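Chemist: Next up is a structure, given as structure tokens.
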Amino acid sequence: MSNTVGKTNLLGLTQLQMEQFFESIGEKRFRAGQVMKWIHHFGVDDFDAMSNLGKALREKLKACAEIRGPEVVSEDISADGTRKWVIRVASGSCVETVYIPQDKRGTLCVSSQAGCALDCSFCSTGKQGFNSNLTAAEVIGQVWVANKSFGTVPAKIDRAITNVVMMGMGEPLLNFDNVVAAMQIMMDDLGYGISKRKVTLSTSGVVPMIEELAKHVDVSLALSLHAPNDALRNELVPINRKYPLAVLLEACQRYISRLGEKRVLTIEYTLLKDVNDQPEHAQQMIALLKDIPCKINLIPFNPFPHSGYERPSNNGIRRFQDLLHHAGFNVTVRTTRGDDIDAACGQLVGQVLDRTRRSERYIAVRQLGSESDTVAGARQN
Ligand code: SAH
Ligand code: SF4
């Protein structure tokens, strides 16, 4: 989503930035609200459609600004109503955005980076390496594109998106400023007016940025735990070697307690057969989380080629859930949606132009047939 030379893309500006922009071109700050509503409520990208702006202002805006949405490469709709967009970002890579309708809710799963540098062993995004951070316009642009797909522009769009989860490709806390700006627009009434409880940032555990997040926004937090002890987590989620469980859980607990009453941490736990799904793992988890206000979301592993992992059986999943449930935890199992369009968690592959060359290394390792060693290593713990 490259900017036309010299023009400011208004799509990614927060209310404050938009006011500063209007001031910088010698206009009144209140214009910010008018233009934000056109962009985010009505999905408009043409200044001439902004009927409450005078012709002179519209011409001035056309000369120095633009509203440039992301390039949509494809849009698929699954048999169960799940929608998936493939979006090309400025770096040339593609990322994916998924919309999941459920009863009265509509959840949009948004990407923050093209690829991911953190290399969790069971994640297909991680296996592709890292290419680039998305700009704020590219992050909020995913909400803009999805929202537009539910209404006729420029008629006001219905509230199809009630929740946003930063659980697409990438680690959102490693693209901090752009993700925070985009989340501010999601929550702003001039943007999408989504409640702070319904915007969720998911992290694999970048501890210093969890501290930083609390200074800027009060969105809900999800932690990708995946292992109840450091030895196993070091294998599955390598950033654990830098920020082990004790410091990580302390940071999450501090973040949650600042949010005030009735806010809980979401614990995401991808179940990998014979790796982290045994009764002893559930027992360790119970001990680890006993003092943390949390709800647990179990994600049955979504396979991708050559991952080296398997999804546990339904009985295995239920057994794990029951153990946690009997210990008093609120536990849900994430149902797989959009399977037929490869839109499930961890199946978002996009097309990442890998700068870290991890994907090449991954393929090379696979060819040596040693990927099973990695899994066996993880299993020892
Ligand atoms: N980087 C962030 C957010 C994106 S991943 C994070 O790690 O939290 C969203 C969730 O999907 C994470 O909990 C992630 O661990 C999980 N996930 C990744 N690959 C998966 C797979 N193959 N099957 C099931 N869940 C997966
Ligand atoms: Fe990155 Fe999250 Fe995948 Fe880990 S699980 S590699 S942090 S996207």
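The values are calculated or read from the model by the stated rules, or taken from the named source; none is laboratory data. Since the structure is predicted, the reported quantities are computational estimates derived from the model, not experimental observations. Here Cβ is always computed from backbone atoms with ideal geometry, including for glycine, and neighbour counts include all displayed protein chains. What goes into the accessible areas is simple: the full protein's heavy atoms, side chains included, and nothing from ligands, DNA or RNA. Shrake-Rupley method; radii C 1.70, N 1.55, O 1.52, S 1.80 Å.
Chemist: Can you find even one residue in region 277-285 that is within 12 Å of ligand 1 (Cβ to nearest atom) and surrounded by 21 or more Cβ atoms within 10 Å (Cβ to Cβ)? Step through it out loud before you land on a result.
Modeler: Of all residues in region 277-285, those within 12 Å of ligand 1 (Cβ to nearest atom) come to none.
Checked region 277-285: no residue is within 12 Å of ligand 1 (Cβ to nearest atom) and surrounded by 21 or more Cβ atoms within 10 Å (Cβ to Cβ).
Chemist: So, in region 180-226, exactly how many residues are of a type in the set (Ser, Thr, Tyr) and more than 14 Å from ligand 1 (Cβ to nearest atom)?
Modeler: Counting residues in region 180-226 that are of a type in the set (Ser, Thr, Tyr) and more than 14 Å from ligand 1 (Cβ to nearest atom) gives 2.
Chemist: Mind telling me which of the residues THR125, THR135, THR97, THR82 ends up being open to solvent by 20 Å² or more (accessible area, probe 1.4 Å) and touching a Gly at 6+ places or on another chain (Cβ under 8 Å)?
Modeler: Values: THR125 fails: open to solvent by 20 Å² or more (accessible area, probe 1.4 Å); THR97 fails: open to solvent by 20 Å² or more (accessible area, probe 1.4 Å); THR82 fails: open to solvent by 20 Å² or more (accessible area, probe 1.4 Å).
None of the other options fit; the residue is THR135.
Chemist: Here is a further query. Which one of the conditions (1) more than 14 Å from ligand 2 (Cβ to nearest atom); (2) touching a Leu at 6+ places or on another chain (Cβ under 8 Å) does ASN175 fail to meet, given that it meets all the rest?
Modeler: Of everything listed in (1) more than 14 Å from ligand 2 (Cβ to nearest atom); (2) touching a Leu at 6+ places or on another chain (Cβ under 8 Å), ASN175 misses just condition (1).
Chemist: OK, next. If ALA214 satisfies every condition in (1) open to solvent by less than 10 Å² (accessible area, probe 1.4 Å); (2) of a type in the set (Gly, Ala, Ser); (3) out of contact with any strand residue (DSSP E or B) (no Cβ under 7 Å at 6 or more places or on another chain) but one, which is the exception?
Modeler: (1)
Chemist: Also, quick follow-up: Need the failing condition index for ILE299 against (1) in a loop (DSSP other than H, G, I, E, B); (2) within 16 Å of ligand 2 (Cβ to nearest atom), just the number.
Modeler: Checking ILE299 against (1) in a loop (DSSP other than H, G, I, E, B); (2) within 16 Å of ligand 2 (Cβ to nearest atom), the one that fails is (1).
Chemist: Residues being more than 22 Å from ASP76 (Cα to Cα) and touching a strand residue (DSSP E or B) at 6+ places or on another chain (Cβ under 7 Å): count how many of those fall in region 90-127.
Modeler: Adding up the residues that qualify gives 4.
Chemist: Would you check if there is a residue in region 255-278 being over 22 Å from MET167 (Cα atoms) and within 16 Å of ligand 2 (Cβ to nearest atom)?
Modeler: yes
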